[in-house]
Amino acid sequence: MTLPAVDGGDGVPPQPDWIKFFSRKLDRARAAEYWGVIVRELRAAEKLSVANGHAIIRLVVAYVNFDRSAKEVAKLGPVMKAPRTKVPTYNPWWTTMQNAASAAAAAEKDLCLSPRDRGAGAKVTTRKRKPSAATAYLRPVAE
């Protein structure tokens, strides 16, 4: 009888399938890159835990949405004329960009990623278990 391995046992949350979040290939590639950067930062700060997986996903989604919105704002400008009235109005991408920036800042604060908040969060400690008699019994025998 073999048991399947469960991802995340070493304290690293499993990377999600980005196709569930993004339809564009470029967005999925950026998301995977951001995921790696964030996980490495949290590991270096000793704050990485499987429980942080969902917060990391929220942060990555905010980063990718910000990048996409910023690109459109750079192309069209922050103010544009309304289609029917021709009155100057904020570009909808500007609003999306601002919302993504706020979401990213909140997620960074939750994860203690910014240099200012880095000292606020407690480090994740990994406990070593005491070996028991059952551990010695269940240990694989070298062949």
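The values are calculated or read from the model by the stated rules, or taken from the named source; none is laboratory data. The shown structure was predicted, so the numbers you read here are calculated from the model rather than taken from an experiment. Reconstructed Cβ throughout: ideal geometry from the backbone, glycine too, with neighbour counts over all protein chains shown.
Residues in segment 9-42 that are aliphatic (A, V, I, L, M), more than 24 Å from LYS71 (Cβ to Cβ) and part of a helix (DSSP H, G or I): VAL39, LEU42. Considering segment 48-143, the qualifying helices (runs of 4 or more DSSP H), each wholly inside and each with 1 or more residues that are more than 21 Å from GLY36 (Cα to Cα) and modelled with pLDDT under 90, run over 133-138. Of all the residues in segment 86-110, those that are surrounded by fewer than 17 Cβ atoms within 10 Å (Cβ to Cβ) and either basic (Lys, Arg) or more than 20 Å from LYS75 (Cβ to Cβ) (or both) number 7.
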